[in-house]
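What follows is a single structure, written as structure tokens, with notes after it.
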Amino acid sequence: MLVGRVTGTVVSTAKVPTLIGAKLLIVQQVALDTLQMKDDYIICVDDVGAGEGDLVFCAYGSSSRQ
């Protein structure tokens, strides 16, 4: 799991059928000790209604499939 700040959204014209209707977010990773933004971006699926500027937890791997 990682912590990041939402910096924007992704627009997709074609998605995997399981992601149709899901909102995709661009998340910039944050260092926990200093809350400084890192130069690392990931794309996350939004399940909770987060918006730009929000601090979010992103799950990946087997924990995200559950």
In region 29-41, the residues that are in a loop (DSSP other than H, G, I, E, B) and in contact (Cβ under 8 Å) with a residue 24 or more places away in the chain: Leu32
Residues of region 53-66 classified as among the hydrophobic types (A, V, I, L, M, F, W, C) and either surrounded by fewer than 11 Cβ atoms within 10 Å (Cβ to Cβ) or in a loop (DSSP other than H, G, I, E, B) (or both), total: 1
Number of the condition not met by Gly61 [criteria: (1) modelled with pLDDT of 90 or more; (2) more than 9 Å from the chain's Cα centre (by Cα)]: (1)
Those residues of region 17-49 which are at pLDDT 90 or above and hydroxyl-bearing (Ser, Thr, Tyr), in sequence order: Tyr41
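Report yes if some residue within region 5-28 is touching a residue at least 40 places away in the same chain (Cβ under 8 Å) and of a type in the set (S, T, N, Q); otherwise report no. Break it down stepwise before answering.
First pass over region 5-28, keeping only residues touching a residue at least 40 places away in the same chain (Cβ under 8 Å): 5-9.
Subsequent filtering for residues that are of a type in the set (S, T, N, Q) retains 7, 9.
Yes, region 5-28 contains at least one residue that is touching a residue at least 40 places away in the same chain (Cβ under 8 Å) and of a type in the set (S, T, N, Q).
Considering only residues that are surrounded by 15 or more Cβ atoms within 10 Å (Cβ to Cβ) and more than 12 Å from Gly8 (Cβ to Cβ), which ones fall in region 26-45? Give the steps one after another, and end with the answer.
Narrowing region 26-45 to residues surrounded by 15 or more Cβ atoms within 10 Å (Cβ to Cβ): 26-30, 44.
Correct list: Gln29, Val30.
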Members of region 11-25 that are open to solvent by 50 Å² or more (accessible area, probe 1.4 Å) and either under 11 Å from Val45 (Cβ atoms) or within 9 Å of the chain's Cα centre (by Cα) (or both): Lys15, Val16, Thr18, Leu19, Gly21, Lys23
Failed item in (1) open to solvent by 50 Å² or more (accessible area, probe 1.4 Å); (2) within 13 Å of Gly8 (Cα to Cα); (3) in contact (Cβ under 8 Å) with a residue 40 or more places away in the chain, with Ala50 passing the rest: (1)
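The values are calculated or read from the model by the stated rules, or taken from the named source; none is laboratory data. What you see is a predicted model; the values in this text were computed from it and never measured. FYI the Cβ positions are ideal-geometry reconstructions off the backbone, even for glycines, and counts take in every protein chain you see. Keep in mind that these areas ignore ligands, DNA and RNA; they rest on the heavy atoms of the full protein, side chains included. Shrake-Rupley method; radii C 1.70, N 1.55, O 1.52, S 1.80 Å.
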